[in-house]
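Below is one structure, written out as structure tokens; comments come after it.
The values are calculated or read from the model by the stated rules, or taken from the named source; none is laboratory data. On a predicted model such as this, the values are computed, not experimentally measured, just so you know. Methodologically, a virtual Cβ is constructed for each residue, glycine included, from the backbone with ideal geometry; neighbour enumeration extends over all protein chains shown. Surface areas here come from the heavy atoms of the whole protein model, side chains and all, with no ligands, DNA or RNA. Shrake-Rupley method; radii C 1.70, N 1.55, O 1.52, S 1.80 Å.
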Amino acid sequence: MSEITMEDIGTNFRAVMRRFPAAVNVIVSNKDGVDHGMTATAVMSVSMDPPSLVICINNNTFLHEILLNQPNFSVNVLSAEQQHISNAFSGQVLPQERFKIGQWERHASGVLALEGALAKVVCKRMAAIPYSTHTLFIGKVIEAGVAEEQSPLLYENTQYCITQSQDNLNK
Ligand SMILES: Cc1cc2nc3c(=O)[nH]c(=O)nc-3n(C[C@H](O)[C@H](O)[C@H](O)COP(=O)(O)O)c2cc1C
């Protein structure tokens, strides 16, 4: 019987993770007056007391460098109609052109947040935990809000997909 190699495990793990359906978000921060945003699915809540979430960011991204220096960031949860925004913020559009797509408003904390997003959370970075190729940034929530009557944009098996939220199905 052939041995399972680390490469096999990595391949299998990638296949498993592709099947995890995930909400699509745009994370935004800024440095020296320049705004920057990128698409990320690696977002989850950490605690309710205090309200906190974690984002997992590749060390090679522009946002990683920014978040090491600037404490505030926004997490903008995309709706089913905002796939074009996800595409733009995941590399299809140059960083300096990205905020021309969608309507962005400046929050009191200084970071931009997306008007019309399904939900918005503004955070203050409390910890940065490096692990291998990525860093976990834990943010304490300073403002959070949900827009009603929208379905989320989801990503699964390398494709966008759309579900009806239960609220909308019940109507
Ligand atoms: C649906 C989707 C989800 C993504 N999720 C993450 C993520 O959670 N963390 C991450 O570091 N990159 C993630 N990426 C990749 C970044 O969006 C992409 O590398 C982006 O171009 C990096 O930003 P930059 O061009 O500003 O450096 C995701 C891309 C897509 C399309």
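Count of lysine pairs in the chain with Cα atoms under 30 Å apart, counting only pairs 8 or more residues apart in sequence or on different chains?
10
Mean residue ellipticity at 222 nm from the helices of the chain, using -39,500 (n - 2.57) per DSSP H segment of n ≥ 4 over the full residue count, to the nearest 500 deg cm²/dmol?
-4500 deg cm²/dmol
Skipping prolines and chain starts, which residues have an amide H placed within reach, meaning under 5 Å, of the one on E143, given they are 5 or more residues away or on another chain?
Result for E143 returns V122.
Quick check: Cα centre of the stretch 29-66 to Cα centre of the stretch 129-159, how many Å?
8 Å
Among V16, V75, V141, which one moves the most in a GNM of the chain with springs linking Cα atoms closer than 10 Å?
The residue that fluctuates most here is V16.
With every protein chain kept in place and ligands, DNA and RNA left out, what is the accessible area per residue of the chain? Probe 1.4 Å, answer in Å². It would help to have the intermediate numbers written out before the result.
Values: 10240 Å² over 171 residues.
Spelled out: the 1.4 Å probe surface of the chain, per residue, equals 60 Å².
Would you mind checking the radius of gyration and Dmax of the chain based on alpha-carbon positions, in Å?
16.9, 61
If you filter the stretch 112-147 for trypsin sites (Lys or Arg not before Pro), then keep DSSP loop positions with at most 10 other Cβ within 10 Å, what is left?
Passing both the DSSP loop test and the Cβ count: no residue.
Using Cα pairs under 8 angstrom and six or more residues apart, how large is the relative contact order of the chain, in percent? Write down the numbers at each step before the final one.
Values: 336 pairs, mean separation 43.4, N = 171.
After rounding, I find 25 percent.
Taking H as built 1.01 Å from N, whose amide H comes closer than 5 Å to the amide H of T163, not counting residues under 5 places away?
So T163 has HN proximity to L154.
Where in the chain is the longest stretch that carries no GluC sites (Glu not before Pro) classed as loop by DSSP and with at most 12 other Cβ atoms within 10 Å? Don't skip to the answer; put the middle values down first.
On the way: sites that count: E3, E148, E149.
Result for the longest clean stretch: 4-147.
Size of the dipole of the chain about the Cα centre, Lys and Arg at +1 and Asp and Glu at -1 on the beta carbon, nothing else charged, in debye to 20?
180 debye
Considering only protein heavy atoms and a 1.4 Å probe, what is the carbon-and-sulfur percentage of the accessible area of the chain?
55 percent
For the stretch 137-142, what does the Karplus curve 6.51 cos²θ - 1.76 cosθ + 1.60, with θ = phi - 60°, yield as ³J(HN,Hα) per residue in whole Hz, taken in order and with x for Gly and Pro?
9, 9, x, 8, 6, 10
With unit charges on the beta carbon (Lys/Arg positive, Asp/Glu negative), name the residue among A144, S29, F99 whose Cα is farthest towards the positive pole of the charge dipole of the chain.
The one lying farthest along the dipole's positive direction is S29.
P(r) for the stretch 1-88: what percent of alpha-carbon pairs falls in each 5 Å bin, starting at zero?
The calculated distribution, bin by bin, is 3, 11, 18, 19, 17, 14, 9, 5, 3, 1, 1, 0.
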